[in-house]
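Q: Structure incoming, see below.
Values quoted throughout were computed directly from the atomic coordinates according to the rules given, and no laboratory measurement underlies them. Quantities reported herein were computed from a predicted structural model and do not represent experimental measurements. No Cβ is skipped: glycine too gets one built from the backbone with ideal geometry, and neighbour counts run over all protein chains shown.
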Amino acid sequence: FQSAQVTLAGPVGPQHVLKSYWFTHRLLLLFNAVKIAANLYMHPSWNTLGMIAVWYMAGGLYLAFFFIISHNFDGVKKLTIDSHGGCFVRNQVETSSNVGGWLLAHINGGLNYQIEHHLFPRVHHSNYAKIAPTVRRVCEKHGVQYVHFPTIYDNAASCFEHLRVLGAKPVA
């Protein structure tokens, strides 16, 4: 409930977030509430409520799938709690991967370009495919591991292999 309180009433203490972000976030919450209310008003039934739930679950599973395969792949660098972090850019690149190209970026809002998304979160997703080659060249120049899978299948296979290896390790 705390996240709802902060979203609706604002933060309790000082926050260093752009005011436009807070306005946009509240506006999107209002839009979603109106969208759900309008659907229920136009089609007042349990079926409508059930379809809205399925709609949100499908969207959540789709996002979760891409987050899982983008951050759990064979050769991914894992940061530990006691690690001192190191370089921000290196950590963002070596704990993420990209998959596919511009078409997939168009379909899922650029989330297939996780590396560029982490490095440049305010850049519009339509530009990720354009800046990816430059980011890759800079990473190679500085010895930073940059991972790009050509297909979702390749990325998912690498993820499953990584999870298989993790599951085979004895618990300490």
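Q: Based on the mean of other Cβ atoms within 10 Å per residue, sort peptides 87-96, 61-70 so the most packed one is first.
A: On the way: 87-96: 17.3, 61-70: 15.3.
In decreasing order of mean packing, 87-96, 61-70 become 87-96, 61-70.
Q: Kirkwood-based Rg over Rh for the stretch 21-172 (C-alpha set), two decimals?
A: Checking Rg against Rh, the ratio lands at 1.06.
Q: Between residue 57 and residue 152, what length comes free when the chain is fully extended (0.36 nm per residue of separation minus the Cα-Cα distance, one decimal in nm)? Show your work: numbers first, answer last.
A: Details: separation 95, 0.36 × 95 = 34.20 nm, distance 2.07 nm.
Roughly 32.1 nm would be gained on extension.
Q: Taking the Cα of residue 79, stepping 7 Å toward and past its beta carbon, and measuring to each backbone N in the stretch 137-161: which are under 19 Å?
A: 139, 143-147
Q: Run the numbers for residue 134 and residue 89: contour at 0.36 nm per residue of separation, minus the present Cα-Cα distance, in nm.
A: 14.8 nm
Q: What distance in nm separates the simple spin-label points at residue 165 and residue 141, each placed 7 Å from Cα in the Cβ direction?
A: Simple spin-label model gives 3.0 nm for this pair.
Q: Assuming R0 = 22 Å, can you tell me the calculated FRET efficiency for the pair residue 48 and residue 28, based on Cβ-Cβ distance, to the nearest 0.05?
A: It comes out at approximately 0.55.
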